[in-house]
Structures are given as C-alpha cells and as structure tokens.
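These notes are about the structure you will find just below.
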Amino acid sequence: GIGFKKYTYRSNIDMNLTKTTVLGFLTDGEYTSRTEPSNASTDELWYAQARLTPVAIPKMYSTGHIPAMDENAGGFSPWAMLNYTGLKTYEYSNNNYSLTLNQDLSFITKGLTFRAQGSMRMQTWMNERRFIRPALWRAVDRTLDGELILTRLRDKESVQYTSEQNQRKTLHFESTIN
C-alpha cells in the first residue's frame, strides 16, 4: 500500500586486543522506502482530494465504470489513483562501515602512536513503477429506463513496468604516526 518507512541503525564497538592495541568498528546507516500511486505523487493525491466534494462524483458508477474528474486533476479521482493506477516504489539505503586500529608504540619511543583507519560507504537506489491506466468515464444523462449514458473520456492503457537501480561505493584509507 501507500506509505513511507525509515529504519536507522548505529553501532560502535571498541576491542582491546592487547594493552597497547585497540581495534574499533563503527557502522551506521539507514533504509527508506516510499510507495505512492503510480500516476501521481502523494502531494497530487492530496490536492485532488482537497478539490473533491463528497457529492462531486461517485466512487464507482453502478455500471462498474470508473468516473473521471476534470483534467486539472489528471482525470483521476483520489480513489481511482489509489486503487486502479498501480504503484511507484522508491528505496534508498546508505551504509557506512569503519575499521580503526590504534597502536601505542611507547615501547619504541615514549608517546609514539600509530593509527590506521579504513572506511567504506555504500549507497543504493531502486525505483520501480507499475502503471496501468483504466478507462475513465463521465455520466452525461440517463435513458428513460433510468440507465446511465456514459461518455469515455480516457481510453484504457495496458500495464507498463519500469525500474532503475544505482549504486555508489566510496572507499577511504588513512594512517598517521605521531
């Protein structure tokens, strides 16, 4: 369904390997996932909803046809956007890892230390869209028997699928002797 989720984590571990050697491991990151209607952003969904009065159009015509709003809203009612146009999903993750070695070298020279650190940052993006456009109709009149007379405002479009994935990795290494 429609929504937004975000998860974050962080960990910092220092290990005393010897009296003069400390190994540190740090990791942190986040994962986010956002899902919205395929044909519009959630902002457009709220805009369409705000412009709609409770009696402007029915959720569905008694014939089973989907009613259209005016073209300023893309023709879709908020209900049709949510239930009949597919979904877009955006996922992002950012993960950072760092390994640090601190060595006290006072046994060689008083106050001498060595530090080495390596880190990696991994970012990934994934966008996926499943889109379908149902036919949209407008009731223009009724027959003498009370049946709706409908005009098709938009033709049905078949299912479309697109996806995109990207990844970026950054490595860093540094060392110092003081």
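Structural remarks
- Residue within segment 83-94 that is among the aliphatic types (A, V, I, L, M) and touching a Pro at 6+ places or on another chain (Cβ under 8 Å) present: yes
- Any hit, segment 131-143, residues being closer than 25 Å to Gly86 by Cβ, open to solvent by less than 90 Å² (accessible area, probe 1.4 Å) and outside any strand (DSSP E or B): yes
- Residue selected from segment 150-175 under the condition among the aliphatic types (A, V, I, L, M) and open to solvent by 80 Å² or more (accessible area, probe 1.4 Å), by the criterion farthest from the chain's Cα centre (by Cα): Leu171
- Annotation note: of Leu52, Leu82, the sole residue that is surrounded by 15 or more Cβ atoms within 10 Å (Cβ to Cβ), of a type outside the set (D, E, K, R), in contact with a helix residue (DSSP H, G or I) (Cβ under 8 Å, 6 or more places away or on another chain) and not in a loop (DSSP other than H, G, I, E, B) is Leu82.
- Out of Thr113, Thr63, one residue alone is touching a residue at least 24 places away in the same chain (Cβ under 8 Å), touching an Asp or Glu at 6+ places or on another chain (Cβ under 7 Å), farther than 27 Å from Gly29 by Cα and loosely packed, with under 15 Cβ neighbours inside 10 Å. It is Thr113.
- Filtering segment 1-42 to residues that are at pLDDT 95 or above, hydrophobic (A, V, I, L, M, F, W, C) and surrounded by 14 or more Cβ atoms within 10 Å (Cβ to Cβ) leaves Val22, Leu23, Leu26.
The values are calculated or read from the model by the stated rules, or taken from the named source; none is laboratory data. Everything quoted here is computed from the prediction, not taken from an experiment. Methodologically, a virtual Cβ is constructed for each residue, glycine included, from the backbone with ideal geometry; neighbour enumeration extends over all protein chains shown. Heavy atoms of the whole protein, side chains included, go into the accessibility calculation; ligands, DNA and RNA do not. Shrake-Rupley method; radii C 1.70, N 1.55, O 1.52, S 1.80 Å.
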